[in-house]
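Comments concern the structure below.
The values are calculated or read from the model by the stated rules, or taken from the named source; none is laboratory data. Predicted, not measured: the structure shown is a model, and the values here were computed from it. Using ideal geometry, Cβ is built from the backbone for each residue, glycine included, and neighbour counts are taken over all protein chains shown.
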Ligand code: PEP
Ligand code: MG
């Protein structure tokens, strides 16, 4: 089965009734990008830019950043868009040269885009590097952990200023990984170019369960009906404004979740590189109309157990 999937990995993922779902890769460096192309990725739905910043003693220079992005954009080529997520540290991810105060609740603290908003020079440098590298391929920018419109407007303003200086424009999207962002998706949809749902954090914050908790982590299941409702709201809000929605959390490569996510109308699944051929094969085995009724039914259920039973 795996071998059969590999043979047709370069073919698009189209359901039996002709509905295309874009299959993209979650990557962390240029090596991953090269593998992603070989495995049939149509895009990069999430480049975790942390790789540039972690395990070093000083902030990467402008030159280093530009070169790294150019390498990745070039490896993917002009036809495969690359969503570059701005630095997403804090919480469980520390940075050696960036002293962050100890916090009682790091996951509810200075994390994701909040770090960049509080250190605009660092964020501006990253945005400038992305715009400088954009000629090498098709770059998009995405902000993590957005929880209110004023945060998005602040970083969008910064991007617009840099775009003006650089004479380059790229699409700008946000991660939907905090429940408040999903709940306000209708407002966000008017101001962003796309959404990408981070189901790892969205589930953690919706269910109030630490995603790495040794005893509770088994309860972190993005098929929880509360999470599905937030995904549904997000997709509908995006569609209303002619925007698209992807999923870049690990739920996107769960074989039992794929039919529901496709049925909810998610347009892009961004997954780890090795999972690409299998998820493409899974999508090809589905009927979109059936997925839509499955998703409708899942939204009526009251427990994750029932949703799991429905999709088993
Ligand atoms: C997520 O939260 O689902 C996500 C994709 O981001 P990360 O796992 O890097 O927090
Ligand atoms: Mg996240």
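Some notes on this structure:
- Residues in the stretch 248-264 that are within 17 Å of the chain's Cα centre (by Cα) and in a helix (DSSP H, G or I): 250, 251, 252, 253, 258, 261, 262.
- Single residue of the stretch 194-209 satisfying the filter (in contact with a helix residue (DSSP H, G or I) (Cβ under 8 Å, 6 or more places away or on another chain) and over 17 Å from residue 226 (Cβ atoms)) that is nearest to ligand 1 (Cβ to nearest atom): 195
- You will find that of 255, 274, 259, the residue that is closer than 26 Å to residue 5 by Cα and crowded, with 19+ Cβ neighbours inside 10 Å is 259 and no other.
- Which listed residue is touching a residue at least 12 places away in the same chain (Cβ under 8 Å), within 16 Å of ligand 1 (Cβ to nearest atom) and part of a helix (DSSP H, G or I), from 88, 32: 32
- Of the numbered criteria (1) buried (at least 17 other Cβ atoms within 10 Å of the Cβ); (2) within 13 Å of ligand 2 (Cβ to nearest atom); (3) more than 29 Å from residue 286 (Cβ to Cβ), the one residue 212 fails is (1).
- Selected residue [buried (at least 16 other Cβ atoms within 10 Å of the Cβ) and under 30 Å from residue 264 (Cα atoms)] from 46, 108, 95, 16: 46
- In this structure, residue 41 does satisfy being in contact with a helix residue (DSSP H, G or I) (Cβ under 8 Å, 6 or more places away or on another chain) and within 21 Å of residue 245 (Cα to Cα).
- The single condition from (1) assigned to a loop (DSSP other than H, G, I, E, B); (2) touching a strand residue (DSSP E or B) at 6+ places or on another chain (Cβ under 7 Å) that residue 16 fails is (2).
- Any hit, the stretch 232-244, residues being within 19 Å of the chain's Cα centre (by Cα), within 14 Å of ligand 2 (Cβ to nearest atom) and closer than 24 Å to residue 311 by Cβ: no
- Exactly one residue out of 226, 139, 181, 134 is within 16 Å of ligand 1 (Cβ to nearest atom), at pLDDT 95 or above and crowded, with 18+ Cβ neighbours inside 10 Å: that is 181.
- Residues satisfying the stated conditions in the stretch 283-305, i.e. in contact (Cβ under 8 Å) with a residue 60 or more places away in the chain and outside any loop (DSSP other than H, G, I, E, B): 283, 284, 288, 289, 291, 295, 298, 304
- Condition met for residue 261 (within 16 Å of ligand 1 (Cβ to nearest atom), without any contact (Cβ under 8 Å) to a residue 60 or more places away in the chain and in contact with a strand residue (DSSP E or B) (Cβ under 7 Å, 6 or more places away or on another chain)): yes
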